[in-house]
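**Student:** This is the structure I have questions about; it appears just below.
Values quoted throughout were computed directly from the atomic coordinates according to the rules given, and no laboratory measurement underlies them. Source: prediction; values computed, not measured. When we count neighbours, we look across all protein chains shown, and the Cβ atoms used for this are built from the backbone with ideal geometry, even at glycine.
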Amino acid sequence: MKRIGAVLLLLTAFLWSAGELTPAQQSAPAGQSSQTAKRDHWWNNAVIYEIYPRSFQDSNGDGIGDLNGITSRLGYLQKLGVDAIWLTPIYPSPQVDFGYDISNYEAVDSQYGTMADFDRLVSEAKKRNIGIIMDLVLNHTSDKDPWFEESASSRTNPKADWYMWRDAKMVDGHREPPNNWISDFGGSAWQWDPARQQYYYHEFYVQQPDLNWNNPQVRGAMYNVARFWIHRGVAGFRLDAITALFEDPQDRDEPYVLGPDGKPSIDAYGDKEVTDIYTNNLPEVHDVLRELRAATNAAGGGRVVLIGETYLNSIADLHKMYGAHNDELQLPMDMQVGFINRFDVGLFRERIDEAETGLNGDEPLFVFDNHDNPRWDRYQTDAAGAPTFGYGPHHDDIGRVIATVLFASRDTAMMYYGDEIGMVTTPPTRKEDVRDPIGIKGWPKEKGRDGERTPMQWNAGPDAGFSSDDAKTWLPIPSSYKTVNVAAEEREPDSMLHWYQQIIALKRNDPALHEGEETMLNRSDDHVLSWLRKDANGEAVIVACNFTDQPQTVRFNLSALGVSGTGLKTLLETPGAPAPQSIDAVALGPFGVYIGQVRSK
Ligand code: GLC
């Protein structure tokens with residue numbers, strides 16, 4: 001089973017059974033070797049905010065979000081405390097995969113605006129010390145990209161070898177695909193092309209042919225794309241599907257994933273499930289990452305960050321993504337912490353610890369939400385312990401726990417638009433309403449990703465303030481917008497939005513929470529996850545999160561860690577929390593959070 005499919009299917013199964021350097025100011029030289037130097041870049045301890053441009057703010061009333069809409073909301077993002085925005089793809093595209101099928105890498109899709117709009121977004125963001133991170137899709141292009149059209153036109157054209165073309169396998173006189181590889185999005189990963197009389201490989205949709213990364217011209221062309229955007233002032237790239245660039249040179253069949261009956265298990269699309277040992281995370285990807293890093297360092301003077309979409313199974317594999325000499329990705333995404341998908345204190349402790357100790361001082365990038373997975377309300381469970389969507393009794397408390405793990409850990413924090421107001425996953429209820437093709441193909445087992453891509457809820461007015469009039473929005477506005485929206489939460493002191501603003505402010509401004517080292521506390525506690533952050537000058541902060549729906553009390557023995565404390569000064573706690581709190585006994589309500597500074601006198 002492959003990356004995205006693995007996550008989506010796992011969730012489907014689960015759900016239905018401070019003032020520091022900013023991207024605009026930065027310029028710490030790359031290649032320093034001490035651990036301090038490793039943390040000396042603008043992206044360290046930063047907050048990166050993912051925007052799905054179709055759904056953030058529509059400025060021209062066509063029901064689709066756009067670049068000018070994003071520019072108009074920069075003040076909001078500055079107030080929230082974000083250092084950089086990752087934009088999912090805005091390039092010209094047939095929009096089969098809503099932008100992840102790119103047909104021109106050096107332009108802007110007219111649905112989203114013009115290149116002048118883009119330049120204005122970059123410069124306006126820079127004024128607010130916010131960097132713009134582009135989504136770079138290297139694994140595949142659209143089948144409407146002129147590169148592919150040329151490649152498909154004959155077996156002898158100059159780009160004939162730019163994609164993964166293979167001859168058919170003849171079995172009993174019948175044409176069959178070269179092997180059993182399946183697409184993450186359903187069906188064989190091979191598509192017959194009548195003109196070339198060959199198959200091409202597509203890990204994702206048929207309309208997303210995979211590039212041949214063994215071809216040096218392909219590499220050179222893509223490094224030029226990166227240079228193009230760096231020269232326009234971008235702060236970095238999020239590298240889509242980066243572990244998928246290479247496949248087994250011998251095209252060997254993948255082994256089948258067997259079910260309990262010993263037969264291949266069947267996925268949501270009706271395919272026999274296979275592993276991804278021959279199609280994912282092959283070692284050659286590291287050569288590309290080194291080359292790309294060298295190219296972006298040279299063009300960007302060491303200030304351009306490379307972030308990877310890295311669904312990996314172990315901390316060791318994640319560590320490799322930084323490069324043996326810190327010469328690959330600066331921020332491969334750690335999917336091990338954020339996608340545990342259930343409140344298991346032991347697992348959270350173990351995985352956070354691994355990120356703290358298993359990356360040799362490199363910066364972990366934690367993330368709980370993105371445009372491919374149900375939002376953080378998936379952590380909310382029903383009486384039987386099964387995750388549910390929506391606004392249950394502990395919705396906001398659970399959100400505070402998640403935001404606390406995300407922002408009070410020693411990490412770079414990546415969040416998704418709408419997290420900060422507690423938008424919930426709102427999947428379509430009827431197949432005819434589904435927009436994401438995988439939801440149409442996989443219905444009802446796989447409902448697709450529309451539920452986490454609904455328009456941002458700005459206010460209680462028409463179209464939730466997302467669109468400028470009563471336009472038909474590309475996805476429906478969830479009915480929750482009347483109460484769950486930015487304007488309402490600005491007015492409400494105990495809102496989720498205020499929690500996000502406050503905890504992000506602590507991450508930016510409190511020295512221990514900004515860059516202090518991190519140590520787990522009370523390791524055998526099955527109910528409460530707690531940890532200590534301590535900066536070089538001895539400021540110490542404890543963080544405690546109740547992972548249960550019952551009240552809990554925790555006690556700390558900090559002297560063993562060289563911290564002597566006489567009391568705690570509360571920095572942030574769940575509204576209505578029990579008080580007063582002391583080192584001897586911190587009382588937490590159901591899913592309660594407490595963050596306090598240790599007083600030494
Ligand atoms: C990544 C994107 C996802 C897209 C896929 C194919 O996983 O996050 O949205 O569908 O790549 O490009």
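**Student:** So if R0 is 25 Å, what FRET efficiency would Asn104 and Gln217 give, r being the distance between their Cβ atoms, rounded to the nearest 0.05? Numbers along the way, then the final one.
**Tutor:** Working: r = 18 Å, r/R0 = 0.71.
Efficiency for this residue pair is about 0.90.
**Student:** Quick one: what are the phi-derived ³J(HN,Hα) couplings along region 414-425, Karplus 6.51/-1.76/1.60 with θ = phi - 60°, whole Hz, x for glycine and proline?
**Tutor:** Coupling constants for region 414-425: 10, 10, 10, 3, x, 4, 5, 10, x, 4, 9, 5 Hz.
**Student:** Next question, about the same structure. Compare the peptides 264-272, 53-61, 544-552, 302-310 by average per-residue count of other Cβ atoms within 10 angstrom and give them in order, highest first. Spell out each step's value before the answer.
**Tutor:** Details: 264-272: 16.7, 53-61: 21.7, 544-552: 19.8, 302-310: 23.9.
The densest-packed peptide leads the list: 302-310, 53-61, 544-552, 264-272.
**Student:** While we're looking at this one, here's another question. Please tell me which of these pairs span more than 22 angstrom C-alpha to C-alpha: Lys431/Lys472; Lys320/Lys507; Lys507/Lys534; Lys320/Lys447; Lys441/Lys472; Lys169/Lys441? Intermediate values should be presented prior to the final figure.
**Tutor:** Numbers: Lys431/Lys472 19 Å; Lys320/Lys507 27 Å; Lys507/Lys534 13 Å; Lys320/Lys447 34 Å; Lys441/Lys472 24 Å; Lys169/Lys441 27 Å.
Going by Cα-Cα distance, Lys320/Lys507; Lys320/Lys447; Lys441/Lys472; Lys169/Lys441 fall outside the 22 Å limit.
**Student:** Then there's this: Positive end of the charge dipole of the chain (Lys, Arg +1 and Asp, Glu -1 on Cβ, about the Cα centre): tell me which of Ala413, Ala268, Asn212 has its Cα farthest that way.
**Tutor:** Ala413
**Student:** Counting only C-alpha contacts under 8 Å and six or more residues apart, can you give the relative contact order of region 517-599 as a whole percent?
**Tutor:** Details: 173 pairs, mean separation 27.0, N = 83.
Over region 517-599, the number comes to 33 percent.
**Student:** Let me spell out the model: positive unit charges on the Cβ of Lys and Arg, negative unit charges on the Cβ of Asp and Glu, origin at the Cα centre of region 146-201. What dipole size does that give, in debye rounded to 20? Write out the running numbers ahead of the final one.
**Tutor:** Values: 6 positive and 8 negative charges, 23 e Å.
Taking the Cα centre of region 146-201 as origin, the dipole is about 120 debye.
**Student:** Sort His286, His231 so that the residue with the fewest other Cβ atoms within 10 Å of its own Cβ comes first and the one with the most comes last. Intermediate results must be reported in sequence, preceding the final value.
**Tutor:** Details: His286 17, His231 10.
Lowest count first: His231, His286.
**Student:** Based on the alpha-carbon gyration tensor of the chain, what equivalent-ellipsoid semi-axes (square roots of 5 times the eigenvalues) come out, in whole Å, largest first? Don't skip to the end; give the middle numbers.
**Tutor:** Values: eigenvalues 310, 136, 132 Å².
Value: 39, 26, 26 Å, ordered largest first.
**Student:** Which of rounded, prolate, oblate describes region 146-201, given a ≥ b ≥ c as roots of the alpha-carbon gyration tensor eigenvalues and a/c under 1.5 marking rounded, otherwise prolate only if a/b is larger than b/c?
**Tutor:** Working: a/c = 2.65, a/b = 1.43, b/c = 1.86.
Oblate.
**Student:** Between region 140-219 and region 411-431, how many Å separate their Cα centres?
**Tutor:** Using only Cα atoms, the two centres lie 34 Å from each other.
**Student:** Taking the Cα centre of region 31-116 as the origin and placing charges on Cβ (Lys, Arg +1; Asp, Glu -1), which of Tyr76, Tyr91, Pro53 is farthest toward the positive end of the dipole?
**Tutor:** Of Tyr76, Tyr91, Pro53, it is Tyr76.
**Student:** Compute, for the chain, the length of the dipole vector about the Cα centre, with Cβ point charges of +1 (Lys, Arg) and -1 (Asp, Glu) only. Units Debye, rounded to 20. Write down the numbers at each step before the final one.
**Tutor:** Details: 56 positive and 86 negative charges, 205 e Å.
In debye, rounded to 20, the chain gives about 980.
**Student:** Then there's this: Is the shape of region 517-599 rounded, prolate or oblate, going by the alpha carbon gyration tensor and its root eigenvalues a ≥ b ≥ c, with a/c under 1.5 for rounded and a/b larger than b/c for prolate? Write down the numbers at each step before the final one.
**Tutor:** Values: a/c = 1.89, a/b = 1.46, b/c = 1.29.
Here region 517-599 falls in the prolate category.
**Student:** Can you work out the Karplus-derived ³J(HN,Hα) for every residue in region 523-531? Use 6.51 cos²θ - 1.76 cosθ + 1.60 with θ = phi - 60°, whole Hz, and x for glycine or proline.
**Tutor:** Karplus-based 3J(HN,Hα) across region 523-531 equals 5, 9, 6, 8, 10, 10, 9, 9, 8 Hz.
**Student:** Another one. Go through Ser524, Ser559, Asn546 and say which Cα lies farthest out towards the positive end of the charge dipole of region 517-599; charges sit on Cβ, +1 for Lys and Arg, -1 for Asp and Glu.
**Tutor:** Ser559
**Student:** Moving on. Using Cα centres only, tell me the gap between region 464-513 and region 267-321 in whole Å.
**Tutor:** 32 Å
**Student:** Run the dipole for region 432-515 about the Cα centre, Lys and Arg Cβ at +1, Asp and Glu Cβ at -1, nothing else charged, and hand back the magnitude in debye, nearest 20.
**Tutor:** Roughly 280 debye for region 432-515.
**Student:** OK, next. Residues with amide H under 5 Å of Ala235's amide H, sequence separation 5 or more or different chain, H placed in the peptide plane at 1.01 Å from N; which?
**Tutor:** When sequence neighbours closer than 5 places are left aside, the close amide H contacts are Ile132, Ile133, Met134.
**Student:** Quick one: which residues, 5+ away or cross-chain, put their amide H under 5 Å from the amide H of Gly418? H built at 1.01 Å from N.
**Tutor:** none
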